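Written below as structure tokens is the structure these notes are about.
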Amino acid sequence: MNAVIHQQGASRTSEKPPLLSVKDLSTYFFSREGVLKAVDGVSFEIRRGEALGIAGESGCGKSVTAQSILRLVPSNGRIVGGQILLHDDGGATDLVKLNWKGPEIRRIRGKEIAMIFQEPMAGFSMVYTIGNQTIEAIRLHQHCSQAEARKIAIETLGRVGMPKPEQTIDAYPYALSGGMRQRAMIAMALSCHPSLLIADEPTTAVDVTIQAQVLELLKDLQRDMSMALMVITHDLAVISELCDRVMIMYLGKDVESAPARALFSDPKHPYTVGLLKSVPELGRGRGQEIAAISGSVPGPYERPRGCSFHPRCPRLIQNVCDVEPPPQVELASSHRVRCHLYA
Ligand SMILES: Nc1ncnc2c1ncn2[C@@H]1O[C@H](COP(=O)(O)OP(=O)(O)O)[C@@H](O)[C@H]1O
Ligand SMILES: [Mg+2]
């Protein structure tokens, strides 16, 4: 039996081969009120072993982007355009083209791309033990016996810092504390050694000390397993801790993407600048962390004309930003922004 954890040690270069290329992805919801453009022409790439952070206020399309990748968009929504290319040695598979209930995407979910959720209960059923569920996930994707799968599950629980994994494996999810449940969910996600782990607000539901531990754990795992990570959060401090690249979303659009260092030292989009000001510990705008961005995200059906951020923008150019949607501009190597200021 191969060991679950490969100690490869990733170096942080941009020379790594691409793992996931999302091109012009659009995912809409349809209802009596109209069409809700939850994701509206978003493009990004994740390389093998790299960590991408996706940030933006609540309702900007972060979770729907993740649901689209896993083809788990709720039934009132649909991917209406774009490609989601999952690369492997032999080429690439466009996940958009797969039947969402078919065997290909089911093989990819868990085995290639695993996900952990905000609320650790969401990933588990309450009527089975941690072990039952983890072993089932392992056996779904790897040809191994029940006993071998159990051994892998115990090893993985140990790897994520679960105390007494030989005993915890037989515990029910409700019997664990929030932090331990979060670790168990991470272990379940990792047990099949995915190439990409998507973490949607991984630390919002747990308290501050546990948050730090979970982040530390994700960072270690990503490095040791040379696994790619897509971290969704509204917390830019989390991204500065973990990520190589960042994409900022606003109302379904990718308004700015850049290497993390460039984005934090030289943010371009007025929305990004505002978000950074609201995080005092990042050192920008110290002492003025309140109300860094005026107003609030408009309702999903009332998308402003031109640039959707213009009603809140401190650098609004009249008769331009409120009329024309901004083009996407490439400023430096892989630093892109959708803003008239740079066009
Ligand atoms: N199942 C759904 N039905 C209708 N609208 C939805 C559904 N899920 C999400 N949305 C809408 O899509 C937009 C993006 O949501 P989401 O991706 O969850 O935002 P985020 O994760 O950035 O907070 C929001 O306007 C949200 O209300
Ligand atoms: Mg969300």
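The values are calculated or read from the model by the stated rules, or taken from the named source; none is laboratory data. Computed from a prediction, not measured in an experiment: that's the story for all the values here. Reconstructed Cβ throughout: ideal geometry from the backbone, glycine too, with neighbour counts over all protein chains shown.
Can you pull out the residues in segment 246-264 that are touching an Asp or Glu at 6+ places or on another chain (Cβ under 8 Å), among the hydrophobic types (A, V, I, L, M, F, W, C) and under 18 Å from Ala343 (Cβ atoms)? Within segment 246-264, just Ile248 meets the criteria. On the basis of being over 30 Å from Thr233 (Cβ atoms) and of a type outside the set (Val, Ile, Thr), does Ser125 make the cut? Considered against the rule, which asks whether it is over 30 Å from Thr233 (Cβ atoms) and of a type outside the set (Val, Ile, Thr), Ser125 comes out as no. Scan segment 41-82 for residues that are buried (at least 20 other Cβ atoms within 10 Å of the Cβ), among the hydrophobic types (A, V, I, L, M, F, W, C) and not in a strand (DSSP E or B) and jot them down. Within segment 41-82, Cys60, Val64, Ala66, Ile69, Val73 meet the criteria. Listed here are the helices (runs of 4 or more DSSP H) enclosed by segment 128-240 that have at least 3 residues being touching a residue at least 60 places away in the same chain (Cβ under 8 Å) and within 19 Å of Arg109 (Cβ to Cβ): 178-190.
Among the residues of segment 105-127, just one is within 19 Å of Met180 (Cβ to Cβ), assigned to a helix (DSSP H, G or I) and in contact with a strand residue (DSSP E or B) (Cβ under 7 Å, 6 or more places away or on another chain), namely Gly123.
Of the residues that sit in segment 27-37 and are touching a residue at least 60 places away in the same chain (Cβ under 8 Å) and out of contact with any Ser or Thr (no Cβ under 8 Å at 6 or more places or on another chain), which one is nearest to ligand 2 (Cβ to nearest atom)? Break it down into steps so the answer makes sense when it comes.
Within segment 27-37, the first condition is being touching a residue at least 60 places away in the same chain (Cβ under 8 Å), and the residues that meet it are 33-34, 36-37.
From what's left, out of contact with any Ser or Thr (no Cβ under 8 Å at 6 or more places or on another chain): 33-34, 36.
Numbers: Glu33: 20, Gly34: 21, Leu36: 14 Å.
Filtering segment 27-37 for residues that are touching a residue at least 60 places away in the same chain (Cβ under 8 Å) and out of contact with any Ser or Thr (no Cβ under 8 Å at 6 or more places or on another chain), the one nearest to ligand 2 (Cβ to nearest atom) comes out as Leu36.
Number of residues in segment 269-283 that are surrounded by 18 or more Cβ atoms within 10 Å (Cβ to Cβ), modelled with pLDDT under 90 and either in a helix (DSSP H, G or I) or not aliphatic (A, V, I, L, M) (or both) equals 2. Just one of the listed residues (Ala92, Ala153, Ala114, Ala137) is modelled with pLDDT of 95 or more, of a type in the set (Gly, Ala, Ser) and away from ligand 1 (no atom under 16 Å from the Cβ), and it is Ala92.
Within segment 125-146, track down each residue that is among the β-branched types (Val, Ile, Thr) and exposed (fewer than 15 other Cβ atoms within 10 Å of the Cβ). Full working, then the answer.
First, pick out the residues of segment 125-146 that are among the β-branched types (Val, Ile, Thr): 127, 129-130, 134-135, 138.
Within segment 125-146, Val127 is the sole residue that qualifies.
Please determine whether any residue of segment 232-253 is within 28 Å of Pro163 (Cα to Cα) and of a type in the set (S, T, N, Q). Yes: one or more hits.
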